[in-house]
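Q: Sending over a structure as structure tokens; questions will come in a sec.
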Amino acid sequence: MKFYIFMNNKNFIIIGAIIALFFFIVGFIGPWYNIIGEFLGIKASIDIGLTGTTISGEIDSNNIISIIDRSETDNAMYLAIFVIITSILTIIGFLGVSINIGKIKNMYLIGETFGFLTMILAIITIMIYVINLPDTSDIVLIKIKESLGWGLYLYLIGAFVIFITVIWSRIIKLEKV
């Protein structure tokens with residue numbers, strides 16, 4: 001058998017949904033906010049993610065971790081978990097399209113609905129996190145440089161990939177169904 005038989009348009013939507021899920025999971029684990037600072041010649045890097053805070057450097061990390069207020073970011077974490085679940089449901093819907101389980105029209109509807117919901121919830125998760133960035137005003141560091149972390153950007157890329165996947169699915173659906 002030739003390779004191109006397996007790579008039809010229906011399989012591309014599954015691949016897109018799986019790639020988006022990968023970005024969501026890796027983005028969930030990664031840091032969403034970075035602080036790089038210096039105190040008395042000692043450099044420190046603080047990575048604040050959805051699940052925890054890590055500090056690299058030669059400073060007392062327990063005191064700094066206890067100072068950082070993460071209470072507002074917990075809502076973003078719970079919503080991010082829900083995004084991962086809806087992303088899995090999107091894959092299940094598109095998988096039903098690819099292997100012809102049930103009515104194709106209904107499986108497209110399930111995949112596209114959960115895909116669109118996933119994209120909207122991912123963007124809302126990012127907005128909630130950015131609006132409620134962890135309070136780091138009590139950290140006594142000199143020369144502070146703050147930035148959004150790579151986990152947040154991967155989450156945003158995942159939302160974009162799932163959006164493109166849903167649009168691609170819609171195009172295929174209009175051509176075939």
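Q: Need the failing condition index for residue 84 against (1) at pLDDT 85 or above; (2) outside any helix (DSSP H, G or I); (3) of a type outside the set (Ser, Thr, Tyr), just the number.
A: Status for residue 84: all satisfied but (2).
Q: Against the definition (modelled with pLDDT under 65 and surrounded by fewer than 18 Cβ atoms within 10 Å (Cβ to Cβ)), how does residue 74 come out, yes or no?
A: Judged against the criteria, residue 74 is not a match.
Q: For the condition in contact (Cβ under 8 Å) with a residue 40 or more places away in the chain, surrounded by fewer than 19 Cβ atoms within 10 Å (Cβ to Cβ) and not acidic (Asp, Glu), what is the one hit in 117, 133?
A: That would be 133, the only listed residue that is in contact (Cβ under 8 Å) with a residue 40 or more places away in the chain, surrounded by fewer than 19 Cβ atoms within 10 Å (Cβ to Cβ) and not acidic (Asp, Glu).
Q: Cβ-Cβ below 7 Å, separation at least six or inter-chain, first residue in the range 157-177 and at pLDDT 80 or above, second polar (S, T, N, Q): which pairs?
A: Short answer, once both residue conditions are applied: 162/87; 162/90; 162/118.
Q: Could you run through the range 87-113 and say how many residues are outside any helix (DSSP H, G or I) and at negative phi?
A: 3
Q: Condition first: at pLDDT 85 or above and small (Gly, Ala, Ser). Now tell me which residues in the range 112-148 satisfy that.
A: 115, 122
Q: Here is a further query. Is it true that residue 64 is assigned to a helix (DSSP H, G or I), aliphatic (A, V, I, L, M) and at pLDDT below 80?
A: Spelling it out, residue 64 is indeed assigned to a helix (DSSP H, G or I), aliphatic (A, V, I, L, M) and at pLDDT below 80.
The values are calculated or read from the model by the stated rules, or taken from the named source; none is laboratory data. Since the structure is predicted, the reported quantities are computational estimates derived from the model, not experimental observations. Here Cβ is always computed from backbone atoms with ideal geometry, including for glycine, and neighbour counts include all displayed protein chains.
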